[in-house]
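Take a look at the structure below.
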């Protein structure tokens, strides 16, 4: 079976299956994107989480970081208030950790070119840790990921290590990140719509070898993609709108249009 | 010029340039990997950071999350002690944040197949947020990234929000993560050596179309890659060695060997 037929078969199989997450449904904030992608013949989503604030309780067995048991004290996809965290923390017996996790979305793509377009949309929307995976038999997947997290240890062996005032302060930051994440999700949706429209225009009105022109033009217009931009974006994330150099990364200048 | 010749030209140009990071040299812990990769004709590294603990001071102008100025109070690639952080925190005027950032490595690859092999090495070594980027003109890059971070707000508008005891507790965790990161870097180096040796054997002793067999065999032996493994690895990271389901991710089962 050729890869395109195999992709179709897999998409049908995947979308007809029950949602196996405990929640059993797609998060509201990412539903529009999931529906838009699954409505295109070249994509289907295989997992998604719109973003969440979670409180974990880890019990460390021995000294090995890997040998940890972990249970969930609280999970929310909405803004979180101090009292909910305080109540949940009372159940902590090990090391409780508060995390904000931004959108994660896995999209299987028919071919590499489709993944490239979607990758570009993700990066332009602020999901700068996104990346493509190509399996040994050609399965092409885009993982949409952000740099935009938070991971804060709160208690040690059941003992709270911070004040309620700090938890309040922390939740303001976590909720702010949740809001920013939502904005990026909206940006992603609109960029995706735009890219898909351009793609349709290109494939219907232009000769085959020019299919990608609109995508290239779009990239050229992006002011952030100027010649000489450095590649090491992850560690530059703190330096946006800032003149400081990054003291920690060994790097080289890289022209964008290579 | 064909892509392979262009790759050679670029590699030569890139490696002859001065290191433009403020530090001006490759971090010691990642030097072996950088040298091993740059010694292969199919790879060259464009940026690297072995991993670090940093203390940032953000001054928020207005309400916009994006409109932030940010300065570095402390950067270290080694284990960090409380007193260094306490001293550095005295200079904080805005919102100080302590972060642990694991290895980040960008490697340009001659072709997609080379990136796939390196990606597999990265994933198998624990760098599960790694991903491939393919530029519009075929530039193929692997970003090696980990899920293994820490991001903790410590002060607000110059006022310390946590105790010294908490900072001590936090640094133990950060230093532990630094150690675990080093182990993963070592694992990456050995996996890479192994993959390159297998690759050499394959390309010299087998017909062209079987070049990747060793890579496939290696993957099949990996016990973590069993049939039916879920794709949403990022958000599963807390659930290693744990029977809990992830309550937040909408997903589907995905056979590994598709």
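Which numbered condition in (1) modelled with pLDDT of 90 or more; (2) in a helix (DSSP H, G or I) is the only one that residue A:214 fails?
Every condition holds for residue A:214 apart from (1).
How many residues are part of a helix (DSSP H, G or I) and at positive phi if we restrict to segment A:1-54? Spell out the reasoning first.
Kept after step one, since they are part of a helix (DSSP H, G or I), are these residues of segment A:1-54: A:3-16, A:28-38.
Filter once more, so that each one left must be at positive phi: none.
So the answer is 0.
Scan segment A:39-57 residue by residue and report those that are more than 8 Å from every other protein chain (Cβ to nearest Cβ) and either under 23 Å from residue A:145 (Cβ atoms) or surrounded by fewer than 19 Cβ atoms within 10 Å (Cβ to Cβ) (or both). Break it down stepwise before answering.
Residues of segment A:39-57 that are more than 8 Å from every other protein chain (Cβ to nearest Cβ), as a first pass: A:39-45, A:50-51, A:53, A:55, A:57.
Of everything in segment A:39-57, those that are more than 8 Å from every other protein chain (Cβ to nearest Cβ) and either under 23 Å from residue A:145 (Cβ atoms) or surrounded by fewer than 19 Cβ atoms within 10 Å (Cβ to Cβ) (or both) turn out to be A:39, A:40, A:41, A:42, A:43, A:44, A:45, A:50, A:51, A:53, A:55.
Working carefully through the options A:155, A:120, find the one that is at the interface with another protein chain (Cβ under 9 Å from one of its Cβ atoms) and either surrounded by fewer than 22 Cβ atoms within 10 Å (Cβ to Cβ) or under 28 Å from residue A:193 (Cβ atoms) (or both).
Working: A:155 fails: at the interface with another protein chain (Cβ under 9 Å from one of its Cβ atoms).
Exactly one residue qualifies, and that residue is A:120.
For segment A:64-128, which fully contained strands (runs of 3 or more DSSP E) count at least 3 residues that are at pLDDT below 95? So that I can check it myself, show each step before the final result.
Working: elements: A:68-76, A:95-101, A:104-109.
Because the criterion is at least 3 residues that are at pLDDT below 95, the strands (runs of 3 or more DSSP E) in segment A:64-128 that meet it are A:68-76.
For segment B:129-145, enumerate the residues that are assigned to a loop (DSSP other than H, G, I, E, B), crowded, with 19+ Cβ neighbours inside 10 Å and more than 7 Å from chain A (Cβ to nearest Cβ).
None - no residue of segment B:129-145 is assigned to a loop (DSSP other than H, G, I, E, B), crowded, with 19+ Cβ neighbours inside 10 Å and more than 7 Å from chain A (Cβ to nearest Cβ), so the list stays empty.
Please work out which one of (1) surrounded by fewer than 18 Cβ atoms within 10 Å (Cβ to Cβ); (2) at positive phi; (3) within 20 Å of the chain's Cα centre (by Cα) is the condition residue A:126 fails and give its number.
Tallying (1) surrounded by fewer than 18 Cβ atoms within 10 Å (Cβ to Cβ); (2) at positive phi; (3) within 20 Å of the chain's Cα centre (by Cα), residue A:126 fails exactly one: (1).
Take segment A:13-38 and flag every residue that is at the interface with chain B (Cβ under 7 Å from one of its Cβ atoms) and more than 19 Å from residue A:186 (Cβ to Cβ). It would help to see each step written out before you state the result.
Our first condition is that a residue be at the interface with chain B (Cβ under 7 Å from one of its Cβ atoms); within segment A:13-38, this holds for A:14, A:17, A:19-23, A:25-27.
Answer for segment A:13-38, where residues must be at the interface with chain B (Cβ under 7 Å from one of its Cβ atoms) and more than 19 Å from residue A:186 (Cβ to Cβ): A:14, A:17, A:19, A:20, A:21, A:22, A:23, A:25.
Kindly indicate whether residue B:79 is in contact with a helix residue (DSSP H, G or I) (Cβ under 8 Å, 6 or more places away or on another chain) and more than 27 Å from residue B:135 (Cα to Cα).
Values: in contact with a helix residue (DSSP H, G or I) (Cβ under 8 Å, 6 or more places away or on another chain): yes; more than 27 Å from residue B:135 (Cα to Cα): yes.
Judged against the criteria, residue B:79 is a match.
Quick one: how many residues across segment A:128-156 are in contact with a strand residue (DSSP E or B) (Cβ under 7 Å, 6 or more places away or on another chain) and over 23 Å from residue A:48 (Cβ atoms)?
Counting residues in segment A:128-156 that are in contact with a strand residue (DSSP E or B) (Cβ under 7 Å, 6 or more places away or on another chain) and over 23 Å from residue A:48 (Cβ atoms) gives 5.
Residue-wise test of (1) within 12 Å of chain A (Cβ to nearest Cβ); (2) more than 22 Å from residue B:107 (Cα to Cα); (3) part of a helix (DSSP H, G or I); (4) modelled with pLDDT of 80 or more.
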| site | (1), (2), (3), (4) |
| --- | --- |
| B:168 | yes, yes, yes, yes |
| B:171 | yes, yes, yes, yes |
| B:177 | yes, yes, yes, yes |
| B:185 | no, no, yes, yes |
| B:188 | no, no, yes, yes |
| B:193 | no, no, yes, yes |
| B:197 | no, no, yes, yes |
| B:227 | no, yes, no, no |
| B:234 | yes, no, yes, no |
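Among the candidates B:29, B:19, B:84, single out the residue that is in contact with a helix residue (DSSP H, G or I) (Cβ under 8 Å, 6 or more places away or on another chain) and more than 30 Å from residue A:140 (Cα to Cα).
Values: B:19 fails: in contact with a helix residue (DSSP H, G or I) (Cβ under 8 Å, 6 or more places away or on another chain); B:84 fails: in contact with a helix residue (DSSP H, G or I) (Cβ under 8 Å, 6 or more places away or on another chain).
Criteria check complete, one pass: B:29.
The values are calculated or read from the model by the stated rules, or taken from the named source; none is laboratory data. Quick caveat: nothing in here was measured; it's all calculated off a predicted structure. Neighbour counts are summed over all protein chains in view; Cβ atoms, including those assigned to glycine, are modelled from backbone coordinates with ideal geometry.
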